[in-house]
Amino acid sequence: MRRCLPRYRRHRGFSLIEVMISLVVIGIGLLGIAKMQALAVAATANASRRGLAAIASEGLASAMRANRAYWANGLAPATFTITNGVVSDPTLSTVVNCTKNNGAPCTPTQLAAYDMQQWGQQVRALLPNPVKTTFTCTALLAATPVVCTIQTVWSEQSMSVNNQGKNGTAAMTVTQQNQFGPVYTLTVEP
């Protein structure tokens, strides 16, 4: 009497094709995880820069509030820029070092110029180039207080995963955002 073995006992283990397919699926999954991690690291660096821009702008707002004799009395120019640490307004680009002024106090204009120069250099060191900050100070009505808007623009690197490499596969590249970088805007009433 011949014994028939059940069908599933005749085939033991996995075939080579099944093993290769599972390795391809695992490999694609690992590549996806690596790509997500690279994007997360880039996003974290960009978020850090945006946080630094916010902290720097708040620091400048505090300096503006401390020098109300200049900013709140309407002595500030209506619009000026700081590009890579250089102030465009001639009044604010003449700097007297208020920390080493031989004991003489700085005037409100000198203090504002000193604050702008120091802030411009700090922001240039913190954020990638080109850094441009535009200041706009206006009194909405004659009896209302002065309101200043600080708008900082910089370029940052971002990860791109949609570009095609030489062999037709997706490749990660680092691109520079030159035209439309992040913008941080803060409105201050000194």
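The values are calculated or read from the model by the stated rules, or taken from the named source; none is laboratory data. Note that the coordinates shown come from a computational prediction; the quantities given were computed from them, not determined experimentally. Every residue, glycine among them, receives a Cβ derived from its backbone with ideal geometry; neighbour counts consider all protein chains shown.
Brief remarks on what is shown
- Some residue of segment 41-61 being farther than 18 Å from L126 by Cα and not β-branched (V, I, T): no
- Checking L126, L111 one by one, the residue that is of a type outside the set (V, I, T), under 22 Å from N46 (Cβ atoms) and modelled with pLDDT of 85 or more is L126 and no other.
- Note on segment 110-140: residues that are of a type in the set (V, I, T) and either within 15 Å of A76 (Cα to Cα) or in a helix (DSSP H, G or I) (or both) total 4.
- Total residues in segment 98-109, condition surrounded by 14 or more Cβ atoms within 10 Å (Cβ to Cβ) and either small (G, A, S) or in a helix (DSSP H, G or I) (or both): 2
- G13 meets each of the listed conditions (1) at negative phi; (2) at pLDDT below 95; (3) not hydroxyl-bearing (S, T, Y) apart from (1).
- Matching residues, segment 52-68, being more than 19 Å from the chain's Cα centre (by Cα) and crowded, with 17+ Cβ neighbours inside 10 Å: A63, M64, N67
- Some residue of segment 150-164 being at pLDDT 85 or above, within 28 Å of L52 (Cα to Cα), not hydrophobic (A, V, I, L, M, F, W, C) and not in a loop (DSSP other than H, G, I, E, B): yes
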